[in-house]
Every structure is written in C-alpha cells, then in structure tokens.
Amino acid sequence: MQNIRRREFIAKGSAAIAGLAAFYATHGANAFPGQSGEEIVRWLDQPAPNPVPEVIKNQLVWEDLDSWITPNEKFFSIAHFNRPVIDASTWNLEISGLVKNPMTLTLADLKARPREDVVFTIECSGNHGLPFFDGGVGNARWAGTPLAPILENAGILDSGIEVVFWCADEGEITRPDDVKFVQNFARSMSVTEAMDPRNILCYEMNGVPLPPDNGFPLRLIAPGWYGIANVKWLKRIDVRDRRLENRFMGRDYVTLREEVYDGETVWVETSVGRARLASAPARVSHIGSDYRIVGAAWGAPIDRVEVKIDDGPWMLATIDPSEEAEFAWKIWSLDWPDPPAGVHAVSSRAIDTSCNVQPAMDDPSIATKHTYWESNGQVTRRVQIS
Ligand SMILES: Nc1nc2c(c(=O)[nH]1)N[C@H]1C(S)=C(S)[C@@H](COP(=O)(O)O)O[C@H]1N2
Ligand SMILES: [Mo]
C-alpha cells in the first residue's frame, strides 16, 4: 500500500493528493501503519546521561515507540533499594494487623483466585522532572487477582484506617534528624483507596510472569495512580490505625507547591498519589517530504490532544482508535506535510474528558512547584528538518 502511494507520489505529481487521501483514509488514524521506507528523525534534545543507572533502568526511548503495548524488554524499571530476586516456592503474602482473619497466601493460592487483567500506563512521578529522566513511562497488560475481595475475607476491623504494603527490597534510611536504620520499602493507601475494585495483586505482565525488575512474584497494580503506588516484590499487607509517614509517603515523593487562596500564598506539601494528565511527542517520521508526528497521552481519560509547531496555532491530533483501554495511554498522530528545512519545536497538550488542559510550563501549577515530582507540564521537543 505504502509503495503504491509512494509511486503515485513520484510518478503522478498532483494525483498524489488522491493517493494520499486514500492512504490516510485506510491507515491515517493508525499511528503505527508500518510504512516501509519510513525514516525516524531523532530529536535534537536528548536526555542527559543517567547518573543513577541502578535506580532508573531501561528508560523508554521515545523515537522507538512503535506499539501501544510496551514490550517487557523495553519497559522501564525503578528500584530505590536493591532489586530482590525472589524464589516463588518459598515466598508468600501475609495479611496482618487490624484484620479479623490474618492470612498467608502462596502464589498458587493467588493464582487460584479469580483472574483479572487491565491495560494500564505506569508513569514514574519523577518523569520529565529531571534532565536525564524522560522515559519513565510504559504501557502493559497486567494480570492478577483483585485485592478488595482478599481484604474483605481478611475482614478489616473498624479501627483500621491505613493499608500498608510492605515489600522485600530494603535499604538504609537517613532521617532529617540523622537517625539511620535499615527498612523495607513500603507505601500505603487509605482503606477506601485500597478497596477500589480496580486494584489487583498482579503476577503477570504482558502474558508472562512478572519480570524480576518489575516485581516478581507479586506487585500491586493500582490503575490511575502514579508508579510509586504500584509497589513491587510485595510480601505483607498490614492494616493499621495510624497514617504511615515513611520516606516514600512523607519525605520523598512529596510535592511542594505554592497555592493562592484569596490573594494569600499558601505553601502546600502533598504525598504523590493519583496520576496527572500528561502527553509527549514521541517521534517524527517521514517518507520523502511527508512528515508525521506521533505521540502519547495518558494520566487521565483523554478527550483530545493538540500539537503546536514553533509558535503556530494548536492543531488537533488524530487519536489512534485501534487500541483503547480506560487506563492506557492513547497514541495520537498529526501529519506535517512539507515542513520547511531548519530546526522546529514540537509541543503537545492533552485535554481530558472533564476539559482539563495539560498545563503549560508557565502555568502556576507547574511554575510554582518547587519539587520535581508530578512534572506534567507540556513537553516541547526540537527536531531538525533537512
Ligand atoms: N518495592 C518497590 N516497589 C516499587 C519501587 C521500589 O523501589 N520498590 N519503585 C516504584 C516506582 S518509583 C515506580 S515509578 C514503579 C515503576 O514500576 P516498574 O519498575 O515496573 O516500571 O515501581 C514502584 N514500585
Ligand atoms: Mo517512581
């Protein structure tokens, strides 16, 4: 098809318009039509070298994005402590604390329970917040068993308000008061948040057991939450009557913002939780002088995506309708016929179904944010057209 189109373009001159129209009528909405002869133009602004290669591994290379699902071998991973390699035959999951029926579940017990899967785009809340970090996002099909019925079987007591997820990885903590100790990774949710029927105890990623770097044998998948809530190497769920305020709830993954109420500025610190509306241009490709910009949008139910080139108007991108899931990114594209030679800036902004617009970099929600977490401002990339 693409060869016919290309031949028409070369051989028939203006008749190419008809050929193009026919091509996009059948392939246009599909962002990855797999056109042979298509060339990718790498962005001029590449991320800085990663100074923490043990913590952040395998970042998404945006120019390589060529599928809705991110294959496991291309999926990023984050480990703040060690990366435990767990023997599933001796591993189990404990449910403890303020529950009527404490339990211990093996992997076989969990797999024997009802199976559910969800396609969910995980983004690290640090993504786009640091000069070396722009590939902390990926989209996978996660499978496991719903968490809520297990908590119901355990029977959370009325005094229980906090569900703490303890993991097998551990590291040294230094508190601001300089007290040092070794602690396992943990995050928590309120009982209401934990009971969300969409949360799953996940043992499979894209049809295979969770890879070790992504949490084998079990992780929490909390669709709609930033990466940090999706704890890996899970080993104990503990119900408590106090809020957890550890490193990952109360010190790291805390966003500091200036907010204005009735003309008064209030500095607010909040623990990172649910995802925010985001998008990014992924790649520019071309066949001859026929250019196309492809990108992704995620973090909220996406209504539409707009693209701006240099200081031009916002233009409506086409959302790829071929793949769709509530918590998955949407792939979008915009044709860019015959761009003038030179360096161009390409920006995108997502608009969600509640009409929220992804903030510009100078929007107060971004400009008065003093920490790098939750950097969901509009992304601008630069590209050289020759
Ligand atoms: N136990 C544990 N779970 C964890 C982390 C961790 O360091 N330890 N990192 C979190 C962070 S910061 C992110 S962004 C996601 C990333 O998931 P992935 O590594 O599967 O991409 O895992 C989360 N789960
Ligand atoms: Mo993260």
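The values are calculated or read from the model by the stated rules, or taken from the named source; none is laboratory data. Predicted model only: the values in this text are computed from it and were never measured. Neighbour counts are summed over all protein chains in view; Cβ atoms, including those assigned to glycine, are modelled from backbone coordinates with ideal geometry. Remember, those area values only see protein heavy atoms, side chains included, never the ligands or the DNA or RNA. Shrake-Rupley method; radii C 1.70, N 1.55, O 1.52, S 1.80 Å.
Here are some notes:
- Reachable lysines, given that their alpha-carbon falls under 19 Å from the alpha-carbon of Lys308 and they are not under 8 places away in the same chain: Lys330
- Over the chain, Cα pairs under 8 Å with separation of 6+ residues give a relative contact order of 18 percent.
- Amide H contacts of Val99 (H built 1.01 Å from N, under 5 Å, at least 5 apart or other chain): Leu157
- Computed from Cα positions, the angle between helix 2-12 and the longest principal axis of the chain comes to roughly 20 degrees.
- Charge sum, other residues only, whose C-beta stays under 10 Å from His128's C-beta, Lys/Arg counted +1 and Asp/Glu -1: -3
- Across the stretch 321-331, coupling constants 3J(HN,Hα) worked out from phi with the 6.51/-1.76/1.60 Karplus curve, θ = phi - 60°, read x, 6, 10, 8, 7, 3, 9, 9, 5, 9, 8 Hz, and Gly and Pro carry x.
- The figure for Ser354 is an accessible area of roughly 80 square angstrom, using a 1.4 Å probe on the protein chains alone.
- Using a probe radius of 1.4 angstrom, the carbon and sulfur fraction of the accessible surface of the stretch 54-149 is 54%.
- Solvent-accessible area per residue, Å², over the stretch 72-253 with all protein chains present [probe radius 1.4 Å]: 40 Å²
- Less than 5 angstrom separates the built amide H of Glu204 from those of Ala143, Leu210, all sequence-distant by 5 or more or on a different chain.
- Protein accessible area in the stretch 162-268, 1.4 Å probe - carbon and sulfur %: 49 percent
- With respect to the chain, whose longest principal axis is taken over its alpha-carbon atoms, helix 16-27 is tilted by about 20°.
- For Met195, solvent-accessible area (1.4 Å; no DNA, RNA or ligand), Å²: 50 Å²
- Pairs from the list Lys235/Lys369; Lys180/Lys369; Lys111/Lys235; Lys100/Lys180; Lys180/Lys235; Lys74/Lys232 with a Cα-Cα gap above 26 Å: Lys235/Lys369; Lys180/Lys369; Lys100/Lys180.
- Mean residue ellipticity, 222 nm, helices only, the chain: the sum of -39500 (n - 2.57) across DSSP H runs of n ≥ 4, divided by residue count and rounded to 500, is -3000 deg cm²/dmol.
- With protein chains left intact and a 1.4 Å probe, residues in the stretch 336-386 average 47 Å² of accessible area per residue.
- Across the options Gln378, Ile156, Gly207, the greatest Cα extent toward the positive end of the charge dipole of the chain (unit charges at beta carbon of Lys, Arg, Asp, Glu) belongs to Gly207.
- Computed on the stretch 72-253, with alpha-carbon pairs under 8 angstrom and 6+ residues apart, the relative contact order is 29 percent.
- Positive minus negative residues near Trp332 (Lys, Arg vs Asp, Glu; Cβ under 15 Å): -1
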